Amino acid sequence: MKKNMHDTDNNPWKAKTIALDRFRWTLLRDRHGLLGSALRFVRNAIIDTCFGLQAKFRLNIAIVTEFCDFLLLQATPKVIGLHRKKLLIDALRQRGYHLIETALQKPRDICANRLLAPPPYPVPLRYFGYAAYATWIVERYQPCVLLNDRNGSLYSPFLRLALMNRQCPLVHLAHATTVENSRRLSMNDYDYYLLFGPSSLEALQARKLRFGASTVVLTGSHMIDQSFDLPPASPAMRTLLILGVGPDKEKEAGYRRTYDLLRQWAREQSQYQVFIKRHPRSSVPFWQEAEQTLKNVKVLPSECSLAQALEQTSVVVNIMSNAVIEAGLAARPIVYCNLSNDYDIFHQERFLGQLVTNLKDLQSRISEIEGNFATHVKNAKAFALFHLAHGSQGLEKTLQVFERLLKHSALPEDIEQHSLPETHYS
């Protein structure tokens, strides 16, 4: 039976929408003046209300249901094609669990395909589309555990409420370290938040604004397994791996200058084989061109995994990529080289030595690594453990947590847990 919309004490869904409005307003005020925030707030409210109004008239009351142990909800359909969670998906299915992988749809597709179910409580029109889609997802797939991938999603609070009625948890999977200064990371409305390691926890604890409360679990990375437990490299290999940045950063002047510097070094150091590990979303046009003119430069094929790339590498150059953590785990010495003005979110200088910004210092650092290889390997491992709990056991630890949640059992004692409360905001 529907509850009175004005009774917020007995309507947790409406109470959540009021909290979301305060949260979204505070996010805007953190970046914009009063007028700018007000204009953006009104614009967002109009867009959300239009979505809610369409959703009201497109509800589906005859949903075909399908039970699953785990529902993996990706950020977009495009992300599914990147196969970033292949290790996790394969491992769960090999253990006999029924896992369904799907993705959040765009509002127009949600309404067109009637991916909407009536929420169990009345919800204001502005948030009705979010609430109805979240309700449909839970009713359609009936997951025992929902694994969420989208940082900052406004669907998350409603997914959590919908799952709460079934006494099933919403688990948010960090797909990278949470050390960057992204507003999306202020969303914290999950039952369990699986993080990579101590650096991620420190960064989230330091945030001034967090919406919702969660239990943080330091499982390590579910994208890492024993394939990164590599035998020691030899400086005599003289093979350097450059970790490419994303396509957005490749357009920025500072990152283009960094690429130019590395290409110049490769041209002058022909005794080194230089491999390029592209970002999953980049076709690395800069390095594709360099490969045509420099015999010692090779862009690795997209099917070459990071572990395979590191296996044939003696030194790694990182600019600004999460893959630097796996490089440290694989015990490969790392050079931090970046000519942009971006803040080093990974604290690389704390472990790996001073930032390199010119050709002379780059060659000096690589010569230093060749002459004191063991020390740089040790530094790289320390860097990895700061970011990555349980080292190469991240996938196994993640699976252990999932199995305990499925059975409604206590989590393993050897996996660190912390309460991450909501922050107060006006």
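The values are calculated or read from the model by the stated rules, or taken from the named source; none is laboratory data. Not measured: the values here are computed from a predicted model. Cβ coordinates were reconstructed from backbone atoms using ideal geometry, including for glycine residues, and neighbour counts include every protein chain displayed. Just the protein is used for accessible areas: all its heavy atoms, side chains included, with ligands, DNA and RNA removed. Shrake-Rupley method; radii C 1.70, N 1.55, O 1.52, S 1.80 Å.
Descriptive notes on the structure:
- Considering only residues in region 103-145 that are among the small types (Gly, Ala, Ser) and under 30 Å from Glu403 (Cβ atoms), the one that is nearest to the chain's Cα centre (by Cα) turns out to be Ala103.
- Verdict on Arg108 being open to solvent by 80 Å² or more (accessible area, probe 1.4 Å) and in a helix (DSSP H, G or I): yes
- One residue alone among Val316, Val284 is closer than 27 Å to Glu370 by Cβ, open to solvent by less than 10 Å² (accessible area, probe 1.4 Å) and touching a Gly at 6+ places or on another chain (Cβ under 6 Å), and that residue is Val284.
- Checking Arg278 against (1) more than 26 Å from Leu82 (Cβ to Cβ); (2) without any contact (Cβ under 8 Å) to a residue 60 or more places away in the chain, the condition it does not meet: (1)
- For region 291-298, the criterion of a residue being open to solvent by 10 Å² or more (accessible area, probe 1.4 Å) and within 18 Å of Arg84 (Cβ to Cβ) is satisfied by no position.
- Checking Cys68 against (1) open to solvent by 80 Å² or more (accessible area, probe 1.4 Å); (2) in contact with a Pro (Cβ under 6 Å, 6 or more places away or on another chain), the condition it does not meet: (1)
- From the options Tyr259, Tyr255, residue that is of a type in the set (Ser, Thr, Tyr), in contact with a Ser or Thr (Cβ under 7 Å, 6 or more places away or on another chain) and either open to solvent by 50 Å² or more (accessible area, probe 1.4 Å) or touching a residue at least 12 places away in the same chain (Cβ under 8 Å) (or both): Tyr255
- In the set (1) open to solvent by 30 Å² or more (accessible area, probe 1.4 Å); (2) part of a helix (DSSP H, G or I); (3) closer than 20 Å to Leu329 by Cα; (4) among the aliphatic types (A, V, I, L, M), the condition left unmet by Ala236 is number (3).
- Taken residue by residue, region 389-411 has no member that is closer than 24 Å to Val179 by Cβ and of a type in the set (Phe, Trp, Tyr).
- Count of residues meeting criterion [open to solvent by less than 70 Å² (accessible area, probe 1.4 Å), under 26 Å from Gly212 (Cβ atoms) and either assigned to a helix (DSSP H, G or I) or of a type in the set (Gly, Ala, Ser) (or both)] in region 20-35: 7
- Members of region 239-259 that are basic (Lys, Arg) and outside any helix (DSSP H, G or I): Lys251
- Complete set of residues in region 244-258 that are touching a His at 6+ places or on another chain (Cβ under 8 Å) and of a type in the set (A, V, I, L, M, F, W, C): Val245
- Test for Arg150: is it in a loop (DSSP other than H, G, I, E, B), under 13 Å from the mean Cα position of the chain (by Cα) and not polar (S, T, N, Q): yes
- Verdict on Asn322 being at pLDDT 95 or above and polar (S, T, N, Q): no
- Residue within region 36-57 that is surrounded by 14 or more Cβ atoms within 10 Å (Cβ to Cβ) and in a loop (DSSP other than H, G, I, E, B) present: no
- Test result for Asn151, in contact with a His (Cβ under 9 Å, 6 or more places away or on another chain) and either open to solvent by 10 Å² or more (accessible area, probe 1.4 Å) or modelled with pLDDT of 95 or more (or both): yes
- A count restricted to region 152-180 and to residues that are farther than 23 Å from Pro120 by Cα and out of contact with any strand residue (DSSP E or B) (no Cβ under 7 Å at 6 or more places or on another chain) stands at 5.
- Positions within region 112-138 being among the hydroxyl-bearing types (Ser, Thr, Tyr), part of a helix (DSSP H, G or I) and open to solvent by 10 Å² or more (accessible area, probe 1.4 Å), in sequence order: Tyr130
- Strands (runs of 3 or more DSSP E) contained in region 260-341 and holding at least 1 residues in contact with a strand residue (DSSP E or B) (Cβ under 6 Å, 6 or more places away or on another chain), of a type in the set (S, T, N, Q) and within 22 Å of His222 (Cβ to Cβ): 315-318
- Where Ser340 falls short, out of the listed (1) surrounded by 15 or more Cβ atoms within 10 Å (Cβ to Cβ); (2) more than 25 Å from Pro247 (Cα to Cα): (2)
- All of (1) of a type outside the set (A, V, I, L, M, F, W, C); (2) under 26 Å from Asn60 (Cβ atoms); (3) open to solvent by less than 10 Å² (accessible area, probe 1.4 Å) hold for Tyr141 with one exception: (3).
- The single residue among Thr49, Thr76, Thr65 that is more than 23 Å from the chain's Cα centre (by Cα), at pLDDT below 95 and not basic (Lys, Arg) turns out to be Thr65.
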